[in-house]
Structures are given as C-alpha cells and as structure tokens.
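A.B. asks: If you scroll down you'll find the structure; I have some questions about it.
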Amino acid sequence: SKFLGLRQGLVAVGTCRHLLPPHCVAFTRKYREFRFCESDVVIATFPRSGTTWTQEIVWTMRNGLDFNAASNVSLDFRSPFLEFDSLHPLHKDLSENLVTSFLSRHPNEDPRLGGVFLQLAELASTPRTIKTHLPFSLLPDLLGTCKVVYVARNPRDVCVSYYHHQKSLKVAEFIGDFPDFVDLWCRDLCLQAPYWDHLKEAWERRQHPNFLFLFYEDMKENLMKELKRLDAFLGTGLTEDQLRQVAEHTGISHMKNRSSVNPGSSSYSEQALKEGRRDFIRKGTTGDWTNYFNPELEAKFEVWMKKGGEVAEEIPFKYQ
Ligand code: A3P
C-alpha cells in the first residue's frame, strides 16, 4: 500500500493469520521457544489498548512501589517488549546499551547470535514484567507457565489512537489521513491485525486461572477497582493506600510528563518519533473516536465490526 512504508509479513498459525513486522515473521519460532518462567507476568495487548499504562501499573505494583526507579529507568528496560526490533537502525542507542549489558553478564557469548532483540526480555531482572503484542497462537505455552494480563479497548478508540501512533512513528512511515487509515484498518492491514482474531484468542482464555482480562474503559472508569483485581491476581498484597499511590503515579498527566514512560519526552524518541510529535501517550480518554468518525466512516466501520461475529457481540465494550 502507498500508505505503509513498513513492509509487513503475514504469519499463518492454524486458522489465524496475523500481520507482523518482518523481523517478527523471521523469529516466530524463537518467540515460541522463549523461556518464560513462573514468576513472569506478561502484558499482552493489541497495540494502542493501554499497554504502557498497564505495564507501568504492574511493574510498580510488583516492585515495591519503587517510584524512584520508575521515574529514572526507562520502561523499555524495566518492562521489556518481547518482540522489540533492536536491530532496527532507529533503535541503535537502545541496542548498544543492550549489547553492553548483555556482554557484562555473558562475556563469552556473541550477543548478535540468535536475534539480539529477544535479549531485552532475557536480560530483565526478575520478577519480569514483559510486554507483547503477539497473539496467543504464537505463544502457545504462555498460560501454562506464567500469568498474563490482557487489556482490551473499544476498537474505534484503538483505531483513532493507532492512527496517531502511525503518523508519529518514523518506522511506520504512514502518510495518509484518517479515512485512509480506517480503510487499512477495515481491510485488516494494520500491524497485528486482524484485531478480532487477537481479541478472540484472548477472550476464549479468560477463565484460565493464570489469566486476567481487563478493559481500558473499566480502568478509566474506576481504576481503584481494577487495581484491586490486579492486586489479587498478582498476589502483591498492597494496601488501599498503596494502591492509591499507584493510581496517582500512573495518572495520564504524570505519565505524559515522565520521560521514563513516554517516549515523546525521552532522547530515544527523538529518533523514533517524527519531528514535533509528542503523542505516544496522547489523550488517554474514552470515546475520542466520536471526534473522528463521520457517518461514512462509521458505516464502513460497522461493516468491519460484523467481522467480529459472536465475539464482537459478546465482548462488553463500552463507549461504542
Ligand atoms: P490515546 O492515543 O487514545 O490517547 P498503548 O500503550 O497500548 O500503545 O496504548 C496507548 C494509549 O493508551 C494512548 O491512547 C495513550 O494516550 C493511552 N494511555 C497511556 N498512558 C495512559 C494513562 N496513564 N491513562 C490513560 N491512558 C493512557
């Protein structure tokens, strides 16, 4: 497509097909064989569904409310992205830090062997809180090994948020307008699409004891309630007052201005984001889609919604 500078790859897994960045396609076997351990917590999402927010919450809860480290150490290191492409030229600085850190621990090994991008997750200190956008079908043993927090968000808001994200990232090279993006979205041509397959794979696992299914909208509506669910699920045993501190620390305005979580205000993003773009963490609201969809786009989106079938009808999305 003329709108997508990034070449994507199609991975067929069983009956599911997912669009992944090219490096992910080459390394699907490596992800499948990645050694997760019992103490890992994986934050799994379709992009733009509240991943960063949830990572910051879960990391803070699991690390004794270490607000100092949370402010000073990049979330990329504290809560690594499983399929991060550290060989991409735009990630050069981060990759060099990675390689240095890898060599300090494994002086006899060549960090370039075996796909350096997995090492960010391998190197993280335990307990690890790992981010992934991969669908469950590519991580088949995950729930048998560790806990997974999945965050879903209403697809219209995800679409709007994804549009801004793709406009911001140099690596995405998206040059279209919102209607062009809706067109890509409705043809399931965004990275990690199809959205419905991603959601379905998560939704059907929601009763698993190692799995917690959260909604972005519920977090916005009553964060304390969701933090209590997280506390019980993670076994962190935090007090009401401590959970309040977590809520305060992860509020949108605080996260927006914190360079450790918002790439829009760190030096890394100077490379990753286009000139003047500061919106990796953007509005953080529900229902922003009403500011973007005209009746024509809405009609198109409605047709796409039907592709979700029973899952789309069953999942209780709010602010639709
Ligand atoms: P918007 O673009 O609608 O503002 P992800 O981390 O999965 O990429 O999701 C990004 C979305 O989560 C963005 O949505 C971003 O602004 C929002 N977000 C990030 N931090 C947040 C927070 N602390 N509270 C609410 N929303 C947040």
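Read-outs: derived from the displayed coordinates by stated rules, not from any lab. All of these numbers come straight from a predicted model, not from anything done at the bench. Virtual Cβ from ideal backbone geometry, glycine too; neighbours counted across all protein chains shown.
A.B. asks: Given axes a ≥ b ≥ c from the Cα gyration tensor, I'd like to know whether region 120-238 is rounded (a/c under 1.5), prolate (a/b larger than b/c) or oblate.
C.D. replies: The shape class here is prolate.
A.B. asks: Using a Förster distance of 25 Å, how high is the FRET efficiency between E38 and R244, based on the Cβ-Cβ distance and rounded to 0.05?
C.D. replies: Approximately 0.25, to the nearest 0.05.
A.B. asks: Okay, next question. Work out, step by step, the length gained on full extension between T145 and N72: first 0.36 nm times the residue separation, then minus their alpha carbon distance; give nm to one decimal.
C.D. replies: 23.2 nm
A.B. asks: Sorting K200, K300, K306 on the 10 Å Cβ count, fewest up front, what's the list?
C.D. replies: Ordered by Cβ neighbours within 10 Å, fewest first: K306, K300, K200.
A.B. asks: Pop a pseudo-label 7 angstrom from the Cα along the beta-carbon direction at both N108 and V303 and give the gap in nm to one decimal.
C.D. replies: Output for this residue pair reads 6.2 nm.
A.B. asks: Taking only Cα atoms of region 168-250, what ratio of Rg to Rh do you get with Rh as the Kirkwood inverse-distance radius?
C.D. replies: 1.12
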